[in-house]
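The values are calculated or read from the model by the stated rules, or taken from the named source; none is laboratory data. Because the structure is a prediction, the values reported are computed rather than measured. Every residue, glycine among them, receives a Cβ derived from its backbone with ideal geometry; neighbour counts consider all protein chains shown. Side chains are part of the model used for accessible areas, which takes the heavy atoms of the whole protein and leaves out ligands, DNA and RNA. Shrake-Rupley method; radii C 1.70, N 1.55, O 1.52, S 1.80 Å.
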Amino acid sequence: MSSQKIGIVGSGLIGRAWAMLFAAAGYRVQLYDILESQLATALQELDKDLHRLEEQGALRGNIRASEQFALIGVTTRLEELTREAVHIQECVPEVLQLKKRLYSQLDELLEEQTVVASSTSTFMPSLYSEGLQKKQQMLVAHPLNPPYFIPLVEIVPAPWTSPTAVERTRDLMLSLGQRPVTLKREIQGFATNRIQYAILNEVWRLVSSGILSVADVDRVLSQGLGLRYALLGSLETAHLNAPGGVADYFQRFGGEISAVSATYGETPNTQEDRETLAEIARQCEQLVSLEKLDERRAVRDEFLIQLAKLKKQFE
Ligand code: NAI
């Protein structure tokens, strides 16, 4: 159990999720937001969510919901947030100018021991930290939604991020029970979105060429590949799929992989190809109407809790 202080900037969806993860591990958490009303809402939601998770038997950590909630405080003063913080997790909206402005404010206030990690899903850390005095204390720690149930965190350093900051963030994430991966250097899309977009591109092509319906293309993942990948990554899956392991797998299937890959064609333009987009939207809305999205998300999260428990046993 730790009594170190963690600062969180932005008390929206992701800021609140981080607050719960840190409090579960016994850290003192302070949430900062520009909107006082947002902080008041965040506290109400956190109180409700922690107690609901406790009732469901899904609360993380070894202390009760009320004790976890008591570890969470709020402030609307950035200079109070930065005081004595070992780590600050930034969770403001995905707008580069907004992030830049915030990081230059933080640059003035950061104490020596503090690492600032951005939750950004798209901005490489060099984009907002370049030119700042304390840029070696800044990096990305990108979670996946919902972070409470999905343990992956991508740690992405800028070229100038200190190795100590990277290591400390990794250790911190492990202390929460999250499962970090550390990129050796920054790259657009990090790792998750690079892989996710490769899948989305091919799914798009299969639907737009009329080969599969939306429901069927999604079944390929949800009833097929996804079941394996929920347990193992693609390389270990390949390793198990040939008698002589992964080397044997690529010897046997490498030719086929190259031949199929050569037929993928252009990267789809998912913004401009309105016709395919309208068709995908139409079919998706037949599966889940827009009014039912919240309900469907809630069901997914409920089953993610079960899956997370099962995965712990697997590991
Ligand atoms: P959100 O819109 O739910 O929350 C943003 C919060 O930041 C709001 O409470 C807002 O009042 C506050 N805020 C705005 N400007 C501020 C400032 N200058 N200083 C302090 N607080 C400020 O956004 P969400 O979804 O929580 O996203 C936050 C970050 O997390 C983004 O960078 C996003 O890319 C990343 N992320 C989001 C995921 C998602 O599924 N929503 C998943 C992974 C990462």
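Considering all projection directions equally, how large on average is the shadow of the alpha-carbon convex hull of the chain, in square nanometres?
Result: a mean projected hull area of 18.5 nm².
What relative contact order, as a whole-number percentage, does region 163-315 give when Cα pairs under 8 Å and 6 or more residues apart are counted?
Relative contact order of region 163-315: 19 percent.
To the nearest 10 degrees, how steeply does helix 163-175 sit against the main Cα axis of the chain, on a 0 to 90 scale?
Approximately 80 degrees, to the nearest 10.
In whole angstrom, how far apart do the alpha carbon centroids of region 127-177 and region 72-117 sit?
13
So what is the diffusion coefficient of region 183-315 in µm² per second by Stokes-Einstein at 4 °C and 1.567 mPa s, using a Kirkwood Rh over Cα pairs?
73
Once you have a ≥ b ≥ c as the square roots of the Cα gyration tensor eigenvalues for region 5-182, tell me rounded if a/c is under 1.5, and otherwise prolate or oblate according to whether a/b is larger than b/c.
prolate
Relative contact order, percent, of region 5-182 when contacts are C-alpha pairs under 8 Å separated by at least 6 residues?
Once normalised by length, the contact order is 20 percent.
Angle, helix 293-314 long axis vs. longest principal axis of the chain, Cα atoms, 0 to 90°, nearest 10?
90
Go ahead and estimate [θ] at 222 nm for the chain from helices alone: -39,500 (n - 2.57) per DSSP H run with n ≥ 4, summed, over the residue count, rounded to 500.
So the helix-based figure for the chain works out to -16000 deg cm²/dmol.
Here is the link list: K99/K311; K48/K135; K48/K309; K5/K99. Which ones come out longer than 27 Å on Cα distance?
Over 27 Å Cα-Cα: K99/K311; K48/K135.
Tally the DSSP beta bridges in the chain and give the antiparallel ones as a percent, rounded to 5.
15
With a 1.4 Å probe and every protein chain left in place, work out the accessible area per residue of the chain in Å², rounded to a whole number.
For the chain, the solvent-accessible area averages 57 Å² per residue.
Contact order normalised by length for the chain, with contacts defined as Cα pairs under 8 Å and 6 or more residues apart; what percent is it?
12
Using the crude model of +1 on Lys and Arg Cβ and -1 on Asp and Glu Cβ, and no other charge, please compute the dipole size for the chain relative to its Cα centre, in debye to 20.
580
Return one number: the angle in degrees, 0 to 90 and rounded to the nearest 10, between the long axis of the Cα atoms of helix 192-208 and the longest principal axis of the Cα atoms of the chain.
40
By average Cβ neighbour count within 10 Å, what is the ranking of 263-276, 238-251, 155-168 from highest down?
Top to bottom by mean Cβ count within 10 Å: 155-168, 238-251, 263-276.
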